[in-house]
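Report on the structure given below.
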Amino acid sequence: MRKEIVNIGFLGFGTVGSGAVRILQENNVEISSRLSPRLKVKTICSPNIAKRDTSWVRDEVKYTTDPNVVLNDPEIDIVVEAIGGREPALSYINQAFEQNKNVVTANKLLLAQEGINLAKLAASKKLSLAIEASVAGGIPILNAIREGIAAEKIVSLYGILNGTTNFILTEMEKSGAAFDITLAQAQRLGYAEADPTLDIEGLDARDKLAILSMFCFGRYTSLEEIPTQGITQLTPIDFVYANQARCTIKLLCMAKIVDNDLLLSVAPTMVPHNSLLAKVNGSFNAIMITGASGGQTFYYGRGAGSGPTGIAVVSDIIRIARELTNGHTSLSSTFSFQNLEKSNVTELSQPYSFSVRFTVNNHLGVVAKLASILSENNINIHSISQDKLLTDKTNLSFVTMLEPTTPQQLHKALEEIKKLDFLIQTPLAMRIEENI
Ligand code: HSE
């Protein structure tokens, strides 16, 4: 029997939830010309719904603070979980599946931690768990990997997956302002949250990378195993030195298979100016995938915000509504692969060129001492550079470009260097990604 109306219940009415309701309303003509059943927002649940402006919502919607009004309503076909965080979102999603409802969510943390169990539960009940909005907001990257390049053997993925940090890095490079000042500016403009920890420490990007590695390789891992470095150590001089090396700095996510091992990393990285990824500025996200047969594909767009994330959520709703009208069931596995394999994360062990910024209380012999430790560890110095405008000898930052060395060798040398008394900051080492 064809469905005339697909009823949707929202749990959460913040950026994601209200964005999706707005898209359903504003793009109603486009949506209904692509889909036969009518999409109806039946219920919106939010703990502080009384404080939200809902005057613009045209549908006759039931508002509630009680999630059970959504979860126990037999007429609701699709639940949009737009609360975020682990609990109570996890319990609500489980409850929705128990009540035979399809679920759309943007909750990357939950999916990175519990996605496999949730996907199994959904599949066992022939329901959909739709997650496009969880990674890179408005870029339909999960759909692209799951459907567009489903036949591909993926070799590597590089991504800029966090808009907040990309905005901060772009502004620091442009204005030469310090990290703290730029973060405060990002907060004022609404690009960074009041508590920016998840973004600036790289954890938000890490969770998205974990989801992408399931889609690309059918592998999953515990989040704690993914080497993750944020951007808080960066200073404006790092961009001056990066520029001298014809590079910019991005919080780069990497996923690849090396000798059948899963290699994952989130770290500030030197990206050559001539890479497409170097041109991704402000709050934009981008993903570059290399396939063994089809070669490179590149995806670019807004990674956050009400409009882009709303489009991702509503596009998932449309897909489920199509499945519902065609007598169901989900056309492909949530994470693209039928079975996901647990994998350890291996460390980057091939030689890479590195840039290392040392900040020192300068005196005679500083460079000689650093160079001798590097050479004792078989590390060749390519060049040393000091910006001529830096005049404070008690707080002097200079950069050393190193010839290819393994991260392990470099780590060992830096552990020795960190003990030197003239060092006034931990050295900042960044990988130079020459071939992206
Ligand atoms: N805080 C994220 C970002 C958006 O800055 O990209 C939500 O994932």
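Computed values, structure above
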item	result
Output for segment 285-295, where each listed residue is in contact (Cβ under 8 Å) with a residue 40 or more places away in the chain, more than 16 Å from the ligand (Cβ to nearest atom) and in a strand (DSSP E or B)	Met288, Ile289, Thr290, Gly291
Residue selected from segment 239-268 under the condition among the polar types (S, T, N, Q) and touching a helix residue (DSSP H, G or I) at 6+ places or on another chain (Cβ under 9 Å), by the criterion farthest from Thr182 (Cα to Cα)	Ser265
Test: Ile145 is crowded, with 24+ Cβ neighbours inside 10 Å, within 13 Å of the ligand (Cβ to nearest atom) and in a helix (DSSP H, G or I)	no
Total residues in segment 69-100, condition in contact with a helix residue (DSSP H, G or I) (Cβ under 9 Å, 6 or more places away or on another chain), in contact (Cβ under 8 Å) with a residue 60 or more places away in the chain and not in a helix (DSSP H, G or I)	9
Within segment 165-196, tally of residues that are in contact with a helix residue (DSSP H, G or I) (Cβ under 7 Å, 6 or more places away or on another chain) and either in the same structural domain as Gly85 (by TED's automatic domain parsing) or part of a helix (DSSP H, G or I) (or both)	11
Breaking point among (1) touching a strand residue (DSSP E or B) at 6+ places or on another chain (Cβ under 8 Å); (2) within 12 Å of the ligand (Cβ to nearest atom), for Asp204	(1)
Single residue of segment 296-323 satisfying the filter (closer than 25 Å to Tyr191 by Cβ and in a strand (DSSP E or B)) that is nearest to the ligand (Cβ to nearest atom)	Arg302
Unique match (being of a type outside the set (Val, Ile, Thr), assigned to a loop (DSSP other than H, G, I, E, B) and within 19 Å of the chain's Cα centre (by Cα)) among Gly115, Gly137, Gly159	Gly137
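The values are calculated or read from the model by the stated rules, or taken from the named source; none is laboratory data. Here the structure is a predicted model, which means the values were calculated and not measured. Using ideal geometry, Cβ is built from the backbone for each residue, glycine included, and neighbour counts are taken over all protein chains shown.
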